[in-house]
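Nothing in this text is a laboratory measurement; each read-out follows from the coordinates by a stated rule. Note that this is a predicted model, so its numbers are computed, not measured. Note: ideal-geometry Cβ built from the backbone for every residue, glycine included; neighbour counts use all protein chains shown.
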Amino acid sequence: MDWDSIKKWDYIVSAVATDYHRKFSMVEREDIKQSLYQWFAEHPNKLKDWEAIGEKDAKNLIYRSLRNQALDYCQRWKAKSLGYDLSDLHYYDSEIVEALLPPVLRGEYGVTHKLNLGFTGKPSAPAEGGNLTIMMLEIDAGYWKLNKEDRNIISLRFAENLDFGEMANILELGTDSAARMRLKRSISRLINKIGGYKPYRDVDTVASEEDSYPPVE
């Protein structure tokens, strides 16, 4: 591996690794960095071609490719660490998490056949509509990784079934909207604990000026 050619792009490696460690907190930042260095080792000709068209375009294209590399690595690591196939990976939105939290917090894993999350057909794998038991177990694991304050507000809402006015009084937040916002932030942190919101893949090909990706500062 030509470290001299990689060193000038190390700031992008660090930025992407930090970003994806935040999205996939179960994956170590240094492990993500190593996977990004691997991209450079596997694409020396592509790197030279991109650098030849100019530093600005090269920076954007490298950033996109490293994001895709990090996404693939983190997805594989998540599947391996949680014990199911990559095709079973599921990314949650807040509506699904909020629908599953009441039975999760009550430990009612046997009620999955009664839950209707708007899926069509018989659930199979999470990526195809949801193995609800796996989804509930993953949400439960993420819940216990949260700090005490986040667990408390989620419990007030989904275990004790309090409305936002009651929650605001207990937490001394003053208004219903303040309690709603606190809960929203706690749900967001929970989703990040279980892999984050559904990611997207960047287009890592030479694009027109109108389609160029915002440069890395």
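Near residue 169, once Lys and Arg are set to +1 and Asp and Glu to -1 for all other residues with Cβ below 12 Å from its Cβ, the sum equals -4.
Annotation: for a label point projected 7 angstrom from Cα along Cα→Cβ of residue 14, residues of region 65-81 with backbone N closer than 19 Å are 66-67, 70.
Would you tally the net charge around residue 36, using a Cβ to Cβ cut-off of less than 12 Å, leaving residue 36 out, and scoring K and R as +1, D and E as -1? Mind dumping the intermediate values first?
Numbers: positive: 29, 33, 67; negative: 10, 19, 30, 31, 42, 72.
Neighbourhood net charge equals -3.
Summarising the amide proton neighbourhood of residue 173: residues at separation of 5 or more, or on other chains, whose placed amide H is nearer than 5 Å comprise an empty set.
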